[in-house]
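The values are calculated or read from the model by the stated rules, or taken from the named source; none is laboratory data. Please read all numbers here as calculations on a predicted model, not as lab measurements. Quick reminder, even Gly has a Cβ in these numbers, built from the backbone with ideal geometry, and neighbours come from all protein chains shown. Surface accessibility is based on the protein's heavy atoms, side chains included, excluding ligands, DNA and RNA. Shrake-Rupley method; radii C 1.70, N 1.55, O 1.52, S 1.80 Å.
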Amino acid sequence: MRRFIPALIISILISAHAETLVLEDTGWQPAQEALSDVQLSLAEICRLAENQNQDGLSEKLEEFEAANPDLSGKAWDAFAEAEMIYAERDVEEAAEKFYEVLDNYPMSEFYQPALEGLYQCGKLYLSGRKKTFLMVFKLKAYDEGEEIMRSIADRAGNAPIAKRAFYTLAESYEKREEYIEAYNIWVEIATRWPTGEEGLKSLYEMGKNMHQAYNGPKYDSSSLKSAEGYYGQFKKRYPEEAELRDIREKIQLTQEQQAYKEYRIAMHYYRVEDYQTAMVYLESFQENWPDSQYAGEVEKVAAECRKELEKLKDKPRIRPVDKNIFWRFAHFFDFDVK
């Protein structure tokens, strides 16, 4: 039966008598349990491949095979080949070989190291690694990186490497300013790990990404409302952490941005002399954002709108001046534009 290697696999012995470190989500940490000689050798193989030390890797592979004849066979051959290819940074072919180990030899000793190798391939793609298309064009292969990370998450369940795959994918989206996509990944993380450190981090990141998704007052502001909601949940669920992360100020900023959006809409209708519609937004502003920095200006504009509406109360209905060129064109030819 396959033996799982703790939080694997890029483990490294600093010296013959130094402690063994393993790569955890929080960085390099001391191993929680003693690793076997096989596990340590596989960890060293992964490290050499990651460092592109092809000569050292080739020597280590030969040493491992000689020391572990009972593990030789097709699974070993596929894994060893995958590591050599990865050391050469032929990421596409290496990923195919790692998939071969995972698909065909799920109970082998090399399943977990192959999963780690596949993760490293996906990480390279998500960092901007290019892939050849149509044998000519070299394009960044973010889609391949996403596919790899999702495959790892599906295979690994709730294991640490599944969490790392999701984290890496979300961070890649954020670096590319694809905040809605990053938000969706954090939703998946929150669904799989709803409590503990993961629950805290995912809730905060959902709020942060929805806030970052807002493109300014000219665009839809629904993401601001979502961000405010997630920040509010975070403040309620993790009050001490909320103080450290200035959640109160972040909530106030989302509210001020929403207020400014409504203020801009109201001012647009005021400028085109559609006072009735302007009043709808001005009154909504006064109800929802009474403490906004724009509250004083809104009160002045609302007073002006009421004066103008009062003047029009007893007059025949006249269409407000319409700046739309198509309406003016139709009016010129006496078309029915009511």
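When residue 259 is tested against the conditions (1) surrounded by fewer than 19 Cβ atoms within 10 Å (Cβ to Cβ); (2) within 13 Å of residue 294 (Cα to Cα), the lone failure is (1). Contact map, the stretch 65-83: residues that are without any contact (Cβ under 8 Å) to a residue 24 or more places away in the chain and open to solvent by 30 Å² or more (accessible area, probe 1.4 Å) paired with residues that are assigned to a helix (DSSP H, G or I) and of a type in the set (Lys, Arg), Cβ distance under 6 Å, separation 6+ or inter-chain. Pairs shown: 81/97. Evaluate the stretch 56-75: report whether one residue or more is out of contact with any His (no Cβ under 8 Å at 6 or more places or on another chain), of a type in the set (Gly, Ala, Ser) and outside any helix (DSSP H, G or I). Yes, the stretch 56-75 has at least one match.
Filter the stretch 87-117 for residues that are more than 21 Å from residue 155 (Cα to Cα) and touching a residue at least 24 places away in the same chain (Cβ under 8 Å); which is surrounded by the most Cβ atoms within 10 Å (Cβ to Cβ)?
So the first thing to find is which residues in the stretch 87-117 are more than 21 Å from residue 155 (Cα to Cα), and the list is 87-90.
Restricting the remaining residues to those that are touching a residue at least 24 places away in the same chain (Cβ under 8 Å) gives 87-89.
On the way: 87: 21, 88: 14, 89: 12.
Selected residue: 87.
When residue 198 is tested against (1) in contact (Cβ under 8 Å) with a residue 24 or more places away in the chain; (2) touching a helix residue (DSSP H, G or I) at 6+ places or on another chain (Cβ under 9 Å); (3) under 23 Å from residue 46 (Cα atoms), only condition (3) is not met.
Just name the residue that is nearest to the chain's Cα centre (by Cα) out of those in the stretch 285-296 that are surrounded by 14 or more Cβ atoms within 10 Å (Cβ to Cβ) and in a helix (DSSP H, G or I). Even if it seems obvious, please write down each step before you answer.
Initial filter on the stretch 285-296 (surrounded by 14 or more Cβ atoms within 10 Å (Cβ to Cβ)): 285-286, 289, 292, 294-295.
Applying the additional criterion that residues be in a helix (DSSP H, G or I) yields 285-286, 295.
Values: 285: 33, 286: 36, 295: 36 Å.
Among residues in the stretch 285-296 that are surrounded by 14 or more Cβ atoms within 10 Å (Cβ to Cβ) and in a helix (DSSP H, G or I), the one nearest to the chain's Cα centre (by Cα) is 285.
On the stretch given as the stretch 269-279, residues that are open to solvent by less than 90 Å² (accessible area, probe 1.4 Å) and without any contact (Cβ under 8 Å) to a residue 12 or more places away in the chain total 1.
This table checks each residue for (1) open to solvent by 70 Å² or more (accessible area, probe 1.4 Å); (2) at pLDDT 95 or above; (3) under 18 Å from residue 174 (Cβ atoms); (4) outside any helix (DSSP H, G or I).
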{"position": "190", "(1), (2), (3), (4)": "no, yes, yes, no"}
{"position": "201", "(1), (2), (3), (4)": "no, yes, yes, no"}
{"position": "205", "(1), (2), (3), (4)": "no, yes, yes, no"}
{"position": "209", "(1), (2), (3), (4)": "no, yes, yes, no"}
{"position": "220", "(1), (2), (3), (4)": "yes, no, no, yes"}
{"position": "229", "(1), (2), (3), (4)": "no, yes, no, no"}
{"position": "232", "(1), (2), (3), (4)": "no, yes, no, no"}
